[in-house]
């Protein structure tokens, strides 16, 4: 089953305490599809300017990513520049040049409208809503958002939340959107806005899947060296949604495994600038790292827990 | 098998954004033994002043905690007062009055010297070292410490680390002691100082067991309401060490379950002031909460992870 992503394609300039890169392929739709493509075919919707070098995404084409929905219009491709602090988590945005992304109004090619698995990357909530209206028979729709939309366009965001199955956001955004300090109460508040499923990302502390009444706590991998965290969230979403589309079922057990795959894919993303590491992965590498994460979570089931 | 704890007995005055208590039974040895007593007999070594009301610890006596090592001397019992911030994590110390704890020089009663499982709560490293020398045939010695000793008496601390099996500390202390920002590299640095086993506590984000070359990531329970976090770390240590002593074996599988039990016991501790919740627990309540945590960690083992 294929997965549809609607988001951005960008050029990033990234500086970390250890290195910098002036022109790195970026954008939510790019990171998402690079990761998802290891599990299922991907339909991509994004916009680039006529300064975009289409050779930069040859690797997506080779990985079964359908680029019919990538529109090129006159103007500049979205550019973002950021600088990471020593902890490799906090970052300062140097500039955001929307370029052609400012007038992005996603229209699905006809053959995309039958997509059953849909990811709405972090764009204006009204545009996310419009995408949902174009999909004929969705099975599972997940979305991302950010503080800018939570504080600036809350009504539109709530309208979109009411028509999706899942929200994938970070812990500070849960607190901002729910106005609750406690993540678990906050998650319930957000579930009441629409999505039955929440994935709360906590960076190095892993993530929490809240699905209906149940919780699944997934640790992050023990990463000793982070090279560039840019795109990790969208890569997580790509692993998660790609896995769901591959599994062709949405239930508690599958959702949990999907969170594990999102975690695994994100751990590769942060090992290099841009999607460099995601370009060269092999299924065996993904399996080995999945095994590493499972080992770090495993309890033997036959232990005695407490004296009767 | 019994477990020995050497630490403090105190009266705390605690203020949270929601409530306050002026005279709550506290101290590392108290929280530790309250938790450990659900799994194994406990030998306690601590000191109190002649202002201490021994009726306050009747519940420990009833729970098989051997109090022969509790010395009463003329003077005031250790008193600590703290105020928690809105996030219930950051706290400000209002005062610390060491009282008789200032001259604490633990001497084990003869019948304690054969203890095989030993926990050195957060006291001066030299005193911890002296306790180790008094134990005849230790099987597993774990210790706690704090920033004060790391920055003030590092040489003494390193000497003590060289004779213990495990260190149980929080993430910021790992970074301070190892001088490494990355927890996993930091843990290796500390292992090189002596302890093969580290338990890194991350509060609401759970804990990491580093044992020889392996990692185990244990999430915290999804707690919706924290009443008072005081003593959670020592309660964790009590559940951990009590479980090890009960299991009478120290290996990877048992250590992992011990971390789970520490996590479970700490989740009860934060539900009330002082050790109130730890006084009334039943084995069934402990089992139920353990099951809740295991459910939040569980993956079905027969899933397909990636297309071959």
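Every read-out reported here was derived from the displayed coordinates using simple, explicitly stated rules and does not represent laboratory data. From a predicted model like this one, the values you see are computed outputs, not experimental measurements. Glycine also receives a Cβ, built like all others from the backbone with ideal geometry; neighbour counts cover every protein chain displayed.
Partner chain Cβ atoms within 10 Å, averaged over the residues of B:203-209 - can you pull that number for me?
Across the residues of B:203-209, the mean count of other-chain Cβ atoms within 10 Å is 3.
Considering every residue in A:290-299, what mean count of other chain Cβ atoms within 10 Å of its Cβ is obtained?
If you average over the peptide's residues, the count of other-chain Cβ atoms is 5.
Using a 7 Å offset from the Cα along the Cα-to-Cβ direction at both residue B:136 and residue B:212, what is the distance between the two label points in nm, to one decimal?
3.0
Which residue of chain B is nearest the rotation axis onto chain A, counting by its Cβ, and what is the distance in whole Å?
B:205, 2
For A:193, B:9, B:217, A:265, which order do you get if you count the other beta carbons within 10 Å of each Cβ and list the fewest first?
Lowest to highest Cβ neighbour count: A:193, B:217, B:9, A:265.
How large is the helix-only mean residue ellipticity at 222 nm for chain A, computed as the sum of -39500 (n - 2.57) over DSSP H runs with n ≥ 4, divided by its residue count, in deg cm²/dmol to the nearest 500?
The helix-only estimate for chain A comes to -10000 deg cm²/dmol at 222 nm.
If you average the alpha carbon positions of the range A:64-133 and of the range A:1-46, how far apart do those two centres end up, in angstrom?
After rounding, the separation between the Cα centres reads 9 Å.
How do B:173, A:300 line up, fewest other C-beta atoms within 10 Å first?
In increasing order of surrounding Cβ atoms, one gets A:300, B:173.
List the distances, in nm and shortest first, from the label point of residue A:107 to the matching label points in every other copy, placing each point 7 Å from Cα along the Cα-to-Cβ direction.
9.1
So for each of B:14-23, A:237-246 I average, over its residues, the number of other beta carbons within 10 Å; can you give me the resulting order with the highest mean first?
Per-residue Cβ counts within 10 Å, averaged per peptide and sorted highest first, yield A:237-246, B:14-23.
May I ask you to report, in nm to one decimal and beginning with the shortest, the distances from residue A:148 to the same position in the other copies, taking label points 7 Å along Cα-to-Cβ?
4.8
Ranking A:274, A:115, A:172 by Cβ neighbours within 10 Å, fewest first, what do you get?
Fewest-to-most ranking of A:274, A:115, A:172: A:172, A:274, A:115.
List the distances, in nm and shortest first, from the label point of residue B:162 to the matching label points in every other copy, placing each point 7 Å from Cα along the Cα-to-Cβ direction.
6.9
Quick check: residue separation of residue A:251 and residue A:111 times 0.36 nm, minus the Cα distance between them. What number comes out in nm?
Net length gain for the segment: 47.7 nm.
Take residue B:126 and residue A:89, extend 7 Å from each Cα along the Cα→Cβ direction, and tell me the distance between the two endpoints in nm.
The answer from the label model is 3.7 nm.
Residue separation times 0.36 nm, minus the C-alpha to C-alpha distance between residue A:300 and residue A:148: what's the value?
50.3 nm
Could you list the residues of the range A:104-118 with an amide nitrogen less than 17 Å from a label point located 7 Å from the Cα of residue A:64 in the Cα-to-C-beta direction?
Answer for the range A:104-118: A:112, A:115-118.
Provide the FRET efficiency to the nearest 0.05 for the residue A:279-residue B:271 pair, computing r from the beta carbons and using R0 = 41 Å.
0.25
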